[in-house]
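The next block holds one structure in the form of structure tokens; read it before the comments.
The values are calculated or read from the model by the stated rules, or taken from the named source; none is laboratory data. Quantities reported herein were computed from a predicted structural model and do not represent experimental measurements. So basically every Cβ, Gly included, is an ideal-geometry build from the backbone, and we count neighbours across all protein chains shown. Accessible surface areas use protein heavy atoms only, side chains included; no ligands, DNA or RNA. Shrake-Rupley method; radii C 1.70, N 1.55, O 1.52, S 1.80 Å.
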Amino acid sequence: MEGMSTIVKKITQLMAGLIFLYGIYIILHGHLTPGGGFAGGAIIAGAFILLILAFGNSALNLKKEVAGSSNIESVAILMVTILAMMALLFGIKVFFFNFLPKGTPGELLSAGAIPLYNIFIGIEVAGAILTIFLALVIFKEESSK
Amino acid sequence: MTVYILCFVLFLVGLYGVITRRNLIKIAISMSIMEFSIFLLLVLIGYIDNGLAPIVDPGTTGQVYVDPLPQAMVLTAIVIGLATTAMLMAIAIRLYRKYKTFDIREIKNLRG
Amino acid sequence: MELTISIILGFMIIGAIYALHAKDLLSAVIAIGMVGYGLVICFLLLKAPDLAIVQIVVETITLVIMVAVVLDSTRSEIETIPDRRSIVQMILGFIIFAGLFYFFIQAIENLDPLGAHTLRMSEIYVNGAVEKTGSVNLVTGVLFDFRAYDTLGEAVILYTAALGALTLLRMKGKK
């Protein structure tokens, strides 16, 4: 897959960072505003897909990226499970126990462990979507040769 | 009640597509149509007139909120729908590269 | 509210029927976008902003993946000529659809009409969620605290789908 024209590349460079930041905002404010790990993860994956479509194979090493993204999603889902079992350290035998202090509702640092779950679910969703898309792109390229 | 019935009509359109179409891509499209109709039906059941979106403003009391449970269920179902569609697309492109067609009846007849 | 949703649903049904009967696969894939984005508007009207954000992003990514698959393949629809056997099958299918429709009408008789939903199980979620979880967004509270098993299962399914796509597409086939 060849990259697109210079105008598209330049605009993509400017936009992709902003879209990525917006995804991080959606994830971090998941317990306060609409959004959360699922929406934010999909937006972050969208930013990467935009970069891949604009720059193509010449600028990015896609095979290295697919290995990296599948590793990242594996680590993220492992972290979700570890976080769910964390309450055992405090002597409470409940799966998915909210062990951190709740704080004042409506502030950024509140709701105990829910922001942490949001972050790891977001990484997992982004990694999974990116892995599927990269696998498709690499397969298309290899079979068209 | 009309809205529920229209939702079911959309579901039947998807079912008709799955049964009658021979193209793999069209079957994937029909399955996502069925998914969409179910999402809409679940969210419609949870709607309350003049209810607020389920985000609590701390300090206020006595507000009516829309049912958050169907929304949470549908939120997971949407992402699962994306995963199944992507998986179907992977199978479709793999079969296309091997047999040079999307027609499921021809693929069934070819061996090896 | 009911009328607005009905009109949007009507457009969605037209888009779905066009997507199934389009001659060109690319226009079918784009017509399915009509159904998906109509769903986004319905979610916004039904006070579900979380779902609207997720659906609009997921629909766009699905469209990109589908167009990537369709673009460099034969896009024309396979022609089917109806014969006597297919007419019998059509009549049978029509009877089955009518039966399904009848049972659906029976099933929704006990359902509350639109907008008059009574909270049964989610009464606890709505009233005690902010004190119990500390999360202002009730959907996130249900998703990661009351029903976190569901989220874990969903994450596992997504992980499995990614691994499956990787296995299907990166595997070296037998020559």
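Each row is one residue, and each column tells you yes or no for (1) under 17 Å from the mean Cα position of the chain (by Cα); (2) under 30 Å from A:Leu32 (Cβ atoms).
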{"position": "B:Ile38", "(1), (2)": "yes, yes"}
{"position": "B:Leu41", "(1), (2)": "yes, yes"}
{"position": "B:Leu44", "(1), (2)": "yes, yes"}
{"position": "B:Val56", "(1), (2)": "no, yes"}
{"position": "B:Asp67", "(1), (2)": "no, yes"}
{"position": "B:Gly81", "(1), (2)": "yes, yes"}
{"position": "B:Thr85", "(1), (2)": "yes, no"}
{"position": "B:Met89", "(1), (2)": "yes, no"}
Given the conditions (1) more than 7 Å from chain C (Cβ to nearest Cβ); (2) at pLDDT below 90, every one holds for B:Ser37 apart from (2)
So which of B:Leu42, B:Leu75 ends up being surrounded by 15 or more Cβ atoms within 10 Å (Cβ to Cβ), among the aliphatic types (A, V, I, L, M) and more than 7 Å from chain C (Cβ to nearest Cβ)?
B:Leu42
For A:Ser69, which of the numbered conditions (1) open to solvent by 40 Å² or more (accessible area, probe 1.4 Å); (2) more than 8 Å from every other protein chain (Cβ to nearest Cβ); (3) among the polar types (S, T, N, Q) fails to hold?
(1)
May I ask you to verify whether A:Ile132 is among the β-branched types (Val, Ile, Thr) and surrounded by fewer than 24 Cβ atoms within 10 Å (Cβ to Cβ)?
no
Counting just the residues of the stretch B:43-59 that are among the β-branched types (Val, Ile, Thr), outside any helix (DSSP H, G or I) and in contact with a Phe, Trp or Tyr (Cβ under 8 Å, 6 or more places away or on another chain), which one comes out modelled with the lowest pLDDT?
B:Val56
Going by what's in this entry, would C:Ala52 be described as assigned by TED's automatic domain parsing to the domain that holds C:Leu25 and open to solvent by 30 Å² or more (accessible area, probe 1.4 Å)?
no
Suppose we keep only residues that are farther than 17 Å from C:Phe146 by Cα and more than 9 Å from every other protein chain (Cβ to nearest Cβ) within the stretch A:90-106. Which one would you say is farthest from the chain's Cα centre (by Cα)?
A:Gly91
Being among the small types (Gly, Ala, Ser) and either in contact with a Cys (Cβ under 7 Å, 6 or more places away or on another chain) or more than 20 Å from B:Thr85 (Cβ to Cβ) (or both) narrows it down to one residue among C:Gly10, C:Gly36, C:Gly15; which is it?
C:Gly10
Could you say whether any residue in the stretch C:65-74 is more than 27 Å from A:Ile129 (Cβ to Cβ), of a type in the set (A, V, I, L, M, F, W, C) and either modelled with pLDDT under 85 or assigned to a helix (DSSP H, G or I) (or both)?
no
Condition test on C:Met66, is it within 14 Å of chain A (Cβ to nearest Cβ) and within 18 Å of B:Val18 (Cα to Cα)?
yes
Check whether at least one residue in the stretch C:77-96 is touching a helix residue (DSSP H, G or I) at 6+ places or on another chain (Cβ under 7 Å), open to solvent by 30 Å² or more (accessible area, probe 1.4 Å) and free of Cβ contacts under 8 Å to residues at least 12 places away in the same chain, and report yes or no.
no
Check whether at least one residue in the stretch B:79-100 is more than 7 Å from chain C (Cβ to nearest Cβ), open to solvent by less than 20 Å² (accessible area, probe 1.4 Å) and under 25 Å from C:Phe43 (Cα atoms), and report yes or no.
yes
Suppose the filter is open to solvent by 10 Å² or more (accessible area, probe 1.4 Å) and more than 7 Å from every other protein chain (Cβ to nearest Cβ); does B:Leu69 pass it?
no
Got at least one residue in the stretch A:38-57 being more than 15 Å from the chain's Cα centre (by Cα), buried (at least 19 other Cβ atoms within 10 Å of the Cβ) and not in a helix (DSSP H, G or I)?
no
Every residue in the stretch C:120-156 that is open to solvent by less than 10 Å² (accessible area, probe 1.4 Å), at pLDDT below 80 and part of a helix (DSSP H, G or I), please.
C:Ser122, C:Ala129, C:Thr133
